[in-house]
Amino acid sequence: MSTSRTDAAAQARRQATQEMLERLQTALAAAARDHTPVTIAALARTARVSCTFLYQNQQARDLIEQATCASRPHPAVSNSGRRAQPAWKERALNAEDALTQAQREIRTQRTHIAELLGKIRNLEHDLPEGSLQRIVTKNTTLKQHVRQLTQDNQQIQERLTSARQNNRFMDKRIADLEAQLAPYLTNPTPRP
């Protein structure tokens, strides 16, 4: 039974790989048709596959190499140089894309931070003079009050726990006394 599961898993993996390769071929055809440069990042987005798949799968690398050779023939470059050069170019382009995206994200975050700082300044500006000191003082007083209430609550909890323990002890003591009195209550002694 486990062999059939293994075979089914392997077949599903082969099928998924074949589907990814077909999507890659479609993306390469579209890039050739539109005369867009072939980069790993762009192919990964268009074909909905990971960059790791494109780098690690031999068939995918062969398809990409064929597409880059067909789109940009370099007769002066040797075969080994042609193979190494596109990989470095693609990685550099991927790094540039990532850098551009990171810079865009940083600009967005800086804008957001500036807006929030502006709102804080506006709130501080709207406060009357001396109110900030009054608010800080009141906040300190409230924190001390909260600490005191927390300590009081803890003491009351400890007293409650002690009272419950005493109550349990008394209940047990009453039960013991009732057990001792039970024979006398069930068998009344005759009166003389």
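The values are calculated or read from the model by the stated rules, or taken from the named source; none is laboratory data. Small disclaimer: the values here were computed from a predicted structure and weren't measured. With ideal geometry, Cβ positions are generated from the backbone for all residues, glycine too; neighbour counts draw on all protein chains shown. Surface accessibility is based on the protein's heavy atoms, side chains included, excluding ligands, DNA and RNA. Shrake-Rupley method; radii C 1.70, N 1.55, O 1.52, S 1.80 Å.
Computed over protein heavy atoms with a 1.4 Å probe, the carbon and sulfur contribution to the accessible area of the chain reaches 56%. Taking the chain as a Gaussian network of alpha-carbon nodes connected by springs under 10 Å, the highest mean-square fluctuation of the residues 165, 133, 144 belongs to 165.
Working from Cα pairs under 8 Å separated by at least six residues, relative contact order for the chain is 13 percent. Here the spin labels are modelled as points 7 Å beyond Cα on the Cα-Cβ line, and at residue 108 and residue 131 they lie 3.6 nm apart.
Sparsely packed loop sites in the range 81-151 (the GluC sites (Glu not before Pro) outside DSSP H, G, I, E and B with at most 16 other Cβ atoms within 10 Å) comprise 129.
The dipole here belongs to the chain: it is taken about the Cα centre, uses +1 on the Cβ of Lys and Arg and -1 on the Cβ of Asp and Glu, and is about 160 debye. A probe of 1.4 angstrom, applied to the heavy atoms of all protein chains, finds residue 145 with accessible area near 110 square angstrom. A simple count of charges around residue 160, restricted to other residues whose Cβ falls under 13 Å of its Cβ and scoring Lys, Arg +1 and Asp, Glu -1, yields +1. Normalised per residue, the accessible area of the chain is 83 Å², obtained with a 1.4 Å probe and no contribution from ligands, DNA or RNA.
Of all lysines in the structure, the ones whose alpha carbon falls short of 25 Å from that of residue 138, not counting any fewer than 8 places away in one chain, are 119.
Note on the chain: helix-only mean residue ellipticity at 222 nm, from DSSP H runs of 4+ residues weighted -39500 (n - 2.57) and normalised by residue number, equals -31000 deg cm²/dmol.
GNM on the chain, alpha-carbon springs under 10 angstrom: the most fluctuating residue among 151, 101, 58 is 151.
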